[in-house]
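Scroll down for the structure; my scribbles are underneath it.
The values are calculated or read from the model by the stated rules, or taken from the named source; none is laboratory data. Nothing here was measured: the structure is a model prediction, and the numbers come from that model. No Cβ is skipped: glycine too gets one built from the backbone with ideal geometry, and neighbour counts run over all protein chains shown. Remember, those area values only see protein heavy atoms, side chains included, never the ligands or the DNA or RNA. Shrake-Rupley method; radii C 1.70, N 1.55, O 1.52, S 1.80 Å.
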Amino acid sequence: MGRFRGKVIVITGASSGIGRATAHEFAKQGAKLVLAARGHESLEAAAEECRKLGAEAIAIPTDVADEHQVKDLIATVTTRYGHIDVFVGNAALFVYGLFEQTPTEAFKRVVETNLYGHLHAVKALLPHWKQRGKGTYVLVGSIQSLLSAPYQSAYVTSKHAALGLMDVLADEHIGTGIRFGAVLPSTIDTPIYQNGANYTEKASHPLPPTVSVQRAAKAVVAEARHPKRNRYVGRLQAALVPAEFIVPWLFHRITRPAVEVFALRGQQAPTDGNLYAPADQANATDGGWVAKRRRVTRPLVWLGLAGAAALVVRSKRR
């Protein structure tokens, strides 16, 4: 452990979900952490959690959709520490809704954060990294950076575009000390489904299977150490990537029914969620989805085992 001891790591979207869990992982390795997000209380809570793990951590409230705020964030960090070793671009907004249901302003807001947030950061970082001769940018994308997903037009558009930007930047900096890589998580146990906007009039749930947020965080740390173009988290959904191209007729027939059956269940009034203001009180490291799944599946597993054992005993008696 301690491979990042003394390294300066900036993490956006650090008040919740993957960003917060990633901060914990870097804190365990002795990094100097700068945590950024729109929320104030939850961001400071995340920083305090990192301090309890023995790391130096500061919180700087930042909306990555605002170019001036991103410039100020990077200027503040370089003034304080002299350099930035790793920048984790994790801040993201999420919307459920058919394209016709999604307000244009909501669509734009998602793109401003999920795409332009990275553009703003890289524009401000490159002069610093070129002068220093090195630096690592980790994009926290999504499996939907590569796949279609009905009811998520804004999110999918922004994630596809951001991954395209990272690919170009990686190509343009081959042979230099400046590295760009992407982590592409599948469905992760975060509060994004509770906090995100939803215009479907259905309650939102993660599309199964749900992977723990700690697995995603460890993948981000691994990516910072050894950047790859695409580092997947969650094998089952990652296996769908080639399926979209090998059997597109099948893939595109099942995506909408899968979302409607598994991800949109129950009634819920349309909401802007955290698009225009942070869900400070609702931010957390995980969304509780894995725990809910275990409460349902574990009794079924034990019931199945008990049934199997009963059958074995019964067969022996015969």
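At-a-glance table
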{"quantity": "Relative contact order computed over the chain (Cα-Cα under 8 Å; 6+ residues apart), in percent", "calculated": "20 percent"}
{"quantity": "Accessible-area value, residue 130, 1.4 Å probe, nucleic acids and ligands omitted, Å²", "calculated": "130 Å²"}
{"quantity": "Protein-only accessible surface order, largest first, of 109, 256 at 1.4 Å", "calculated": "256, 109"}
{"quantity": "Cross-link partners of residue 7 among aspartates and glutamates (Cα-Cα below 19 Å; sequence separation of 8 or more within a chain)", "calculated": "25, 48, 49, 56, 85, 223"}
{"quantity": "Mean Kyte hydropathy of -0.5 or more with a Cα span along the axis of at least 18 Å, helices from DSSP in the chain", "calculated": "67-81, 153-172, 213-225, 289-317"}
{"quantity": "Where GluC sites (Glu not before Pro) fall in DSSP loop in the stretch 1-89, at most 10 other Cβ within 10 Å", "calculated": "none"}
{"quantity": "Accessible carbon and sulfur surface of the chain relative to its total accessible area, %, 1.4 Å", "calculated": "57 percent"}
{"quantity": "Cα-centre dipole for the chain with unit charges at Cβ (Lys and Arg positive, Asp and Glu negative), debye to 20", "calculated": "1900 debye"}
{"quantity": "Spatial separation of Cα centroids for the stretch 217-285 and the stretch 57-90, in angstrom", "calculated": "26 Å"}
{"quantity": "Extension reserve of the residue 218-residue 131 stretch, reckoned as 0.36 nm per residue once the Cα distance is removed", "calculated": "28.4 nm"}
{"quantity": "Residues residue 98 and residue 267, FRET efficiency given R0 of 25 Å [Cβ-Cβ distance, rounded to 0.05]", "calculated": "0.90"}
{"quantity": "Sequence of 147, 165 from largest to smallest accessible area, 1.4 Å probe", "calculated": "165, 147"}
{"quantity": "Cut-off of 10 Å, at most 15 other beta carbons, DSSP loop: longest stretch of the chain lacking such chymotrypsin sites (Phe, Trp or Tyr not before Pro)", "calculated": "100-275"}
{"quantity": "Rel. contact order, % - alpha carbon contacts under 8 angstrom, at least six apart, the stretch 128-167", "calculated": "38 percent"}
{"quantity": "Within the chain, percent of DSSP bridges classed antiparallel, to nearest 5", "calculated": "10 percent"}
{"quantity": "Magnitude of the charge dipole, the stretch 102-166, Cβ model with Lys/Arg +1 and Asp/Glu -1, debye to 20", "calculated": "320 debye"}
{"quantity": "Residue 189 - accessible surface, heavy atoms, 1.4 Å probe, Å² rounded to 10", "calculated": "10 Å²"}
{"quantity": "For the chain: accessible area per residue (Å², 1.4 Å)", "calculated": "47 Å²"}
{"quantity": "Relative contact order of the stretch 146-231, pairs being alpha-carbon contacts under 8 Å that are 6 or more residues apart, as %", "calculated": "32 percent"}
{"quantity": "Set of the stretch 114-154 residues, backbone N closer than 18 Å to the point 7 Å along the Cα-Cβ line of residue 247", "calculated": "147-148"}
{"quantity": "Per-residue [θ]222 nm for the chain (sum of -39500 (n - 2.57) over DSSP H runs n ≥ 4, rounded to 500)", "calculated": "-15500 deg cm²/dmol"}
